[in-house]
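Everything below concerns the one structure shown next.
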Amino acid sequence: MNNFVSVVGHIGKNPTVKVFDTGKRLAKFSIAVKEFSPNLEQPITLWFDVDAWEGLADRVQKTITKGREVVLAGRLSSTTYMKEENGIKMQITKPVIRLTSFFLCGKKPVANEESVVAEIQESKPRKKSA
């Protein structure tokens, strides 16, 4: 494969899903990746936008949440859009990872204490009624 990228990082915000008139689905989210270097006192955080299409978009929507650590694989692409700032229109081009697969890793982020209690109660074996 000529164009392949693999990163490990944390999800910046919950994915947003867009459904086009054609029925195609696109999930968009961002990932924060730490860049370590012996020349730096503190690691630098790099942010990448990620696009997932169709069935992968559905899987992303169901499993990826803000703060979750993931391993992403895909191909590096770019997107271009127009931005207006102070009355000046600019064309912006930035890199995007076109997702081909992902794996969840690390601990599942805890939203709040109530959700933890609910998860614990759901996982307990239920008593059979007589």
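The values are calculated or read from the model by the stated rules, or taken from the named source; none is laboratory data. Given the structure is predicted, the values throughout are model-derived calculations rather than measurements. In this analysis, Cβ positions are derived from the backbone assuming ideal geometry, glycine residues included, and neighbour counts consider all displayed protein chains. Ligands, DNA and RNA are excluded from the accessible area calculation, which covers all protein heavy atoms including side chains. Shrake-Rupley method; radii C 1.70, N 1.55, O 1.52, S 1.80 Å.
Side notes on the structure shown:
- Each Lys or Arg adds one and each Asp or Glu subtracts one; over the other residues with Cβ under 15 Å from the Cβ of HIS10, this totals +3.
- Cα gyration tensor shape for the range 24-92, rounded if a/c is under 1.5, else prolate or oblate: oblate
- FRET efficiency estimate (nearest 0.05) - Cβ-Cβ, THR45 to SER101, R0 22 angstrom: 0.40
- Among THR22, LEU46, ILE97 the positive-end extreme of the charge dipole of the range 1-108 (Cβ point charges): THR22
- Neighbour net charge for VAL96 - beta-carbon separation under 11 angstrom, K R +1, D E -1: +2
- For the range 12-118, the solvent-accessible area with a 1.4 angstrom probe is 70 square angstrom per residue.
- Flagged links, alpha-carbon separation over 23 Å, of LYS13/LYS89; LYS24/LYS83; LYS28/LYS108; LYS18/LYS66; LYS13/LYS34: LYS13/LYS89; LYS24/LYS83
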